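J.: For reference, the structure I am asking about is given below.
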Amino acid sequence: MKKLLSAKTPRRETSPAEMTRAALVRAALKLFGRHGFDGTSTREIAAEAKANIGSIAYHFGGKEGLRAAAADYIVETIQTIAGQAIGNPRAASGPKKGVSKGGDAEAGDSEAARAQLLTALERMVAFIVARPEAGEIVQFVLRELSHPTAALDRIYDGVFEPTHRRLCLIWEQATGEAAESETTRLTVFTLIGQVIYFRIGREAVMRRMGWREIGDAEAAKVVAVVSNNLEAILAARKDHRS
């Protein structure tokens, strides 16, 4: 009897060129975030990536192209994480589901949306607060926010706006409040902001809490608090509507 061929697709090996490209992007992300774009030389990036300095021009056309690639890496990373928690952020348009003609979220969809918001917060904390590589991303983004360049445009258009819009739509499903109202948009910013603080204020938080690190155990405590905050906000909205 003939042996059946495996239906599995062979795993493609990463080429040396792809590995060099990825190493340069990670090195640029780290050093641009730490020292700024102008404060980082291509020689330092190549040394950090353990690559030939000429590979920067070969793969990216130069330092500016490398900054754009670092921004794209951030977009891809956050899109993946956001997609796991809230679905495709770019699917944030079209008819709104779970909202009646009067603007009230239907009970079943409302509860599902509330659960989705809690899951989104938990995933945000797990990545932004607990994962070491998130520090490099946040540092890079903070520098771009302070001195905006085309890299910030890529990040804003790729993840900031679509993810925020998606969360606003989920908020509408959870509360019945219009997704694009000023109050909803500000509320979603506050939900995100409280998580971000634990990364940018990491050192102060560890000192005040007496923690040596912020790992999975500490992140779980943060999740408990931010989840309670969200549930309190949702309860207040529910009481106001009833």
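The values are calculated or read from the model by the stated rules, or taken from the named source; none is laboratory data. Since the model is a prediction, treat every value here as computed from it, not as a measurement. Here the Cβ is made from the backbone with ideal geometry for all residues, glycine too, and neighbour counts use every protein chain on show. Side chains included, ligands, DNA and RNA excluded: accessible areas come from the protein's heavy atoms. Shrake-Rupley method; radii C 1.70, N 1.55, O 1.52, S 1.80 Å.
J.: Within region 11-29, which residues are within 11 Å of Arg67 (Cα to Cα) and either open to solvent by 10 Å² or more (accessible area, probe 1.4 Å) or not small (Gly, Ala, Ser) (or both)? I'd like the intermediate steps shown before the answer.
T.: Kept after step one, since they are within 11 Å of Arg67 (Cα to Cα), are these residues of region 11-29: 24-29.
Those that are within 11 Å of Arg67 (Cα to Cα) and either open to solvent by 10 Å² or more (accessible area, probe 1.4 Å) or not small (Gly, Ala, Ser) (or both): Leu24, Val25, Arg26, Leu29.
J.: Continuing with this model, one more query. Going through region 159-176 one residue at a time, which ones are among the charged types (D, E, K, R) and under 14 Å from Asp109 (Cβ atoms)? If you could, list the steps in order and put the result at the bottom.
T.: So the first thing to find is which residues in region 159-176 are among the charged types (D, E, K, R), and the list is 161, 165-166, 172.
The answer is Glu172, and nothing else.
J.: Residues to consider are Arg212, Arg208; find the one that is in a helix (DSSP H, G or I) and either open to solvent by 80 Å² or more (accessible area, probe 1.4 Å) or touching a residue at least 24 places away in the same chain (Cβ under 8 Å) (or both). Break it down into steps so the answer makes sense when it comes.
T.: Values: Arg212 fails: in a helix (DSSP H, G or I).
Testing whether each residue is in a helix (DSSP H, G or I) and either open to solvent by 80 Å² or more (accessible area, probe 1.4 Å) or touching a residue at least 24 places away in the same chain (Cβ under 8 Å) (or both) leaves just Arg208.
J.: Looking at (1) modelled with pLDDT under 95; (2) open to solvent by 50 Å² or more (accessible area, probe 1.4 Å); (3) farther than 21 Å from Glu76 by Cα, which is the one condition that is false for Arg131?
T.: Single failed check for Arg131: (3).
J.: Also, quick follow-up: From Gly94, Gly61, which residue is out of contact with any helix residue (DSSP H, G or I) (no Cβ under 7 Å at 6 or more places or on another chain), at pLDDT 75 or above and on the phi > 0 side of the Ramachandran plot? Give the steps one after another, and end with the answer.
T.: Values: Gly94 fails: at pLDDT 75 or above.
Exactly one of Gly94, Gly61 is out of contact with any helix residue (DSSP H, G or I) (no Cβ under 7 Å at 6 or more places or on another chain), at pLDDT 75 or above and on the phi > 0 side of the Ramachandran plot, namely Gly61.
J.: Right, here's the next one. Could you tell me whether Ile56 is at pLDDT 90 or above, more than 23 Å from the chain's Cα centre (by Cα), crowded, with 19+ Cβ neighbours inside 10 Å and on the phi < 0 side of the Ramachandran plot? Talk me through it step by step, then tell me what you get.
T.: Numbers: at pLDDT 90 or above: yes; more than 23 Å from the chain's Cα centre (by Cα): yes; crowded, with 19+ Cβ neighbours inside 10 Å: yes; on the phi < 0 side of the Ramachandran plot: yes.
For Ile56, the condition - at pLDDT 90 or above, more than 23 Å from the chain's Cα centre (by Cα), crowded, with 19+ Cβ neighbours inside 10 Å and on the phi < 0 side of the Ramachandran plot - is met.
J.: Let me ask something else. Given the criterion hydrophobic (A, V, I, L, M, F, W, C), surrounded by 20 or more Cβ atoms within 10 Å (Cβ to Cβ) and within 30 Å of Gly65 (Cα to Cα), identify the matching residue among Phe140, Phe198, Phe160.
T.: Numbers: Phe198 fails: within 30 Å of Gly65 (Cα to Cα); Phe160 fails: surrounded by 20 or more Cβ atoms within 10 Å (Cβ to Cβ).
Phe140 is the lone residue from the list that is hydrophobic (A, V, I, L, M, F, W, C), surrounded by 20 or more Cβ atoms within 10 Å (Cβ to Cβ) and within 30 Å of Gly65 (Cα to Cα).
J.: How do the pairs read when you match residues in region 61-78 that are open to solvent by less than 30 Å² (accessible area, probe 1.4 Å) with residues anywhere that are assigned to a helix (DSSP H, G or I) and of a type in the set (D, E, K, R), using Cβ under 6 Å and keeping only pairs 6 or more apart or on different chains?
T.: So the pair list comes out as Ala71/Arg154.
J.: So if I check each of Glu182, Glu172, which one is in contact with a strand residue (DSSP E or B) (Cβ under 7 Å, 6 or more places away or on another chain) and of a type in the set (Asp, Glu)?
T.: Details: Glu182 fails: in contact with a strand residue (DSSP E or B) (Cβ under 7 Å, 6 or more places away or on another chain).
None of the others qualify; the one that does is Glu172.
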